[in-house]
Structures are given as structure tokens and as C-alpha cells.
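Take a look at the structure below.
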Amino acid sequence: MTYLNVDEVETAIALAAGPPNAGFTELITLPNQTWEGRTCHAIRVHHGAAARSGVYLLGGIHAREWGSPDILVNFVQLLTDAYRNGTGITQGGAAVSAEQVRAIVDTLDVVVFPQANPDGRHYSMTVDPMWRKNRRPADAGDPGCPSGGGNGPGVDINRNYDFLWDFPTTFSPSAPVATSADPCSEIYYGPGAFSEPETCNVGWLLDHYPSVGYFIDIHSFGEDILYNWGDDDDQVTDPAMNFSDPAYDGKRGIPDSTPGGDPDKYQEYIPADDRHTLITLGTMMRDAIQAAHGRPYTLKQSVGLYPTSGTSDDYAYSRSFLDSSKDTVLGYTIEWGPQRSSIPKSFHPDYPDMVPIIEEVTAGLLAFCLAAARRTLDAALADAHTNG
Amino acid sequence: MPNYHVTIHGADREAMADLVRAHHVRVYGQTLTEEDTGYRVSGLADEDTIKQLQGAGYRVEQHEDVDEAAQDSLRHVGQGNRFLNQAGDLR
């Protein structure tokens, strides 16, 4: 067996939304063609009346992390097959029953966008396996970039979202931000927030599926499950200290664990209930991953010594802070797979080594969806009780 | 110029932060690990950058040429389209 190439991912998703599953799936055509003219597709899995909540699973943002689309194709194939046939799903030592599969599909919109950066994936799978970014060509006047090692023109899509995108302004000049304004860097943030068609497609799904309350972006490597925020330490006491206030520009991105502490004492506000839910559901995902093949993933806040700007999970979560008409979307990033002695094989292990990872992450995503469905059903019951 | 997988050892977190702030090295933050004598992190660097870091007091272990090593992975990519027979059902 081998990794799915770009065409195979698209065909697999089209098949999953095909006639046998047409009653409970929707094939979604994304509106923005990539730089190389590719059209992307996502799939929504749901049966019955309008869903009260949804989970949005994203993969393939970073080109060299080949396993992420394969994980999401496996997830979609297993979920749709099991729902259609009335069976459960087993992945290693983790399992969900037929009744639980039904609860997921009957309760949630499960929106899956498995291959958001097909140009980059194709380039990585045929020319430069260390390629990370999209394939935006160099702009006139850009410096010539050195080749190899993932260097070259292009934008890191996961630095291009409209969340503290303008890091030279919004972060402290002393912050060791893992974002770059150098067009040749593999973490280049692009000429503007949402400048890239791939980034716009990810955002378009959030706009068009307002049921979505949970967002998970699949990456490698590190065996981590990360939750909001990624720019600075979380705090639950001061709502006014947050990313949207320009008064804090120049003060973000120095976590308290930085030597000497944070001179500006900036921390990012997160409501205590949201943080509790992030940890509760993240723990269920982590435990299911471990049940599959025994791998102990770590659940933690996204920020570390090297804070981030313009990332998908923080953008998804930030939207409801800026527009009260939008519902909260809790954000996660999964970094699947361990570090290996070879860096390239940490990003894309030999396929036989990828198989158990596909299974364990699929198990984690199923457990997460089940927990989200139960939470939704509990809320509906509470509403019904309140309304008499 | 080849790009190498490197393990960079620094005395303290300040030194590890400077890898990004001052030396603009591409590090993989998730690999940051505390060890007996400081910290280590994995990253990518060419020979000039390795020399620059060593001159600045870091200990740098040089591993594989990542471009050369990565080529081996291409044999694990699917060729053609394994779903084409089933895709006939879509038409």
C-alpha cells in the first residue's frame, strides 16, 4: 500500500459522496481554484433535519505531511460505510458501536476537507518531498529563493489566516514567533491575511456551515493534541485583555515561561467554560488514540516557547469574539506521529509505519465526534426541559 | 547548498528563543526538550548556518541531508488512481 496521490484523494471523496451514500452526504465544491488551477472538494456527512452542531476536520494544509489526507479519507470511508451498513467501527483496540455511529451522523454535520493544498501535495509527492507551502509563484521583485529543504516561493497557509496575521505589529519585538515575513521562508505569512485561495477555501467552509462548533486541523509530527490559543498563555479572568485590542499590540507572544518572564504580562483571554470543554473533549480524543495502538499523545495548550500567528485553529476560535452573531468554534491541531531519527520520515513515515497512525487518529476523531454529538444531544434535552 | 537535519543544543531557554529571534533558524518547536545541561531542539540548517550557530556558542549535531534522505519517500506515493474502477459508478 502507498499514500494516496492528489487525484486519488479527490476520487475517494467523490466516491464517498456517491449514490450509495447520497442520502446522507453532500459533495462540496470549494469556490477558489488553487494557483495551479485545481478545484478542491469537501464532504459533509449528516442525515436528517438540520444539524444543531458540527465538527469540521481539515487536512493537507502542509504539503509534506502526507498522512493527513489519508487519515481523513479513511475516516470518511469508515464512517459512511458503517452508517450505510448499520455497523460499528474498530481501529486497533478502539471501537465505536453501530448505535454510536448513528448518533454521530444523525446529530452532527461532519464536514471533512481532506486536501486543502493539492498543488503543494503534488509538488511534494513528485519533486521536493520536504515542500510545506502552497505553490504561489514568486512575485515580481521577490528575491530569488534557494532551492531544496522546502525552500522557495509560496505561502505557509497556516500562517495566512486573519488572526494576529500582522505579527510584526501585533507581537512583541522580543517574541520568538514561528512566523516569517521572508517570502523564501517555509513559514512565510504571505502578502496579506487570506491572500491565498487555499486559505479562503478553509474560511469559506466556516462561513457556509454555521452549525460547526468544533474545528480540528490535522498535521504532523509530535504526537500532540493542541488547543487554543497559540499566541500567548491562556487566562480566564480578564476578557478585555485579548487579541482584538490594539492597545496590546507589541506586547504579545512572550509566554510566562520565557526567561525573565513576560515584562508586559500579556495573556490571551479564553472563557473558562470553553477551556474546560476543550480539555474535556481533547482528553476523550487522546484516550481513544491511546486505546487504538497504545501511543500516548499529549494534550496541551498550543503556545510554547515559539508562539504562532495566523493559524487555522486560532482563526476558527477567534471569529465569535469579533462577531457575536457567530457561534463559538473550539479549535484544535493534531500533530500525529512521533519524531523519528530522520526528519523527512517524521513528516511522512514509510507507509507501513503510517498505517497504525491512520488508525489511531481515526479512532481519536470518531471519539471526538461522539463526544460532541452527546454534548449536543444533552444540550437539546436541557433546552426541551427548560421550554417545558 | 545542502540542508541538514540538525539538533541544536543551547544553554538555556533564552538561547533557544534566540535561535528564532536572532539567528532565524527553522526549528521544530515541538521537539524542544530540556536536558541536563540546557535544552535541545531539532531544525534545518545549511553549512553556513551551522558554522554561525557554533560561533555563537551552540553545540550542533549534523544529521542527514534532508533533500537526499527525503527522495527515498517517493517510493511510498501511489501511482495512477486505485479508485478508477469504482469511480465508474459515479458516471
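The values are calculated or read from the model by the stated rules, or taken from the named source; none is laboratory data. Here the structure is a predicted model, which is why all the values come from computation and not from measurement. Cβ atoms come from the backbone with ideal geometry, glycine included; neighbour counts cover every protein chain shown. Quick note on the areas: whole protein, heavy atoms, side chains included, nothing else; ligands and nucleic acids left out. Shrake-Rupley method; radii C 1.70, N 1.55, O 1.52, S 1.80 Å.
Near the amide H of A:G337, under 5 Å away, which other amide H atoms are found, from residues 5 or more places off or on another chain, if H is placed in the peptide plane?
When sequence neighbours closer than 5 places are left aside, the close amide H contacts are A:G222, A:E223.
Quick one: how many Å² of A:D119 are accessible to a 1.4 Å probe, rounded to 10?
0 Å²
By accessible area of protein heavy atoms, probe 1.4 Å, what ranking do B:R13, A:R52 get, highest first?
Ranked list, largest accessible area first: A:R52, B:R13.
Would you kindly give the portion of the calculated P(r) for the stretch A:137-276 that falls above 20 Å, as a percent of all Cα pairs?
Considering the stretch A:137-276, 58 percent of its Cα-Cα pairs are separated by more than 20 Å.
Given the -39500 (n - 2.57) contribution per DSSP H run of 4+ residues, what per-residue ellipticity at 222 nm results for the protein assembly as shown, rounded to the nearest 500 deg cm²/dmol? Write out the running numbers ahead of the final one.
Values: 14 runs with 166 residues, N = 479.
Rounded to the nearest 500, the figure is -10500 deg cm²/dmol.
May I ask for log10 I(q)/I(0) of chain A at q = 0.06 Å⁻¹, from a Debye sum over the Cα atoms as equal point scatterers with solvent left out?
-0.22
Put A:F113, A:F167 in order of accessible area, largest first, 1.4 Å probe: what do you get?
Heavy-atom accessible area, descending, gives A:F167, A:F113.
Tell me the accessible surface of A:D378 in square angstrom (1.4 angstrom probe, heavy atoms of protein chains only), to the nearest ten.
Estimated to the nearest 10 Å², A:D378 gives 100 Å².
When N is the residue count of the stretch A:220-326, what does its C-alpha Rg come to as a fraction of 2.2 N^0.38 Å?
Here the Cα radius of gyration is 1.15 times the empirical estimate.
Of A:W229, A:W204, which has the most accessible area with a 1.4 Å probe, and how do the rest follow in descending order?
Working: A:W229 0, A:W204 65 Å².
The most accessible residue leads, giving A:W204, A:W229.
How large is the direction-averaged shadow of the alpha-carbon convex hull of the stretch B:4-68, in nm²?
Its Cα hull, projected and averaged over all orientations, spans 4.0 nm².
Which of the residue pairs A:K265/A:K300; A:K133/B:K51; A:K251/B:K51 have a Cα-Cα distance greater than 25 Å in the structure shown? Walk me through the numbers on the way to the answer.
Working: A:K265/A:K300 21 Å; A:K133/B:K51 27 Å; A:K251/B:K51 33 Å.
As for pairs spanning more than 25 Å Cα to Cα, those are A:K133/B:K51; A:K251/B:K51.
Would you mind telling me the antiparallel percentage of the DSSP bridges in the stretch A:6-386, rounded to 5? Each step should come with its number before you reach the end.
Numbers: 15 of 41 bridges.
Of those bridges, close to 35 percent are antiparallel.
Quick check: the distance between the Cα centres of the stretch B:53-83 and the stretch A:51-65, to the nearest angstrom?
26 Å
No other cysteine beta carbon under 4.7 Å away is the test; run it over the protein assembly as shown and list who passes.
Singleton cysteines: A:C40, A:C200, A:C369.
For B:M1, what accessible surface area do you get with a 1.4 Å probe? Give it in Å², rounded to 10.
130 Å²
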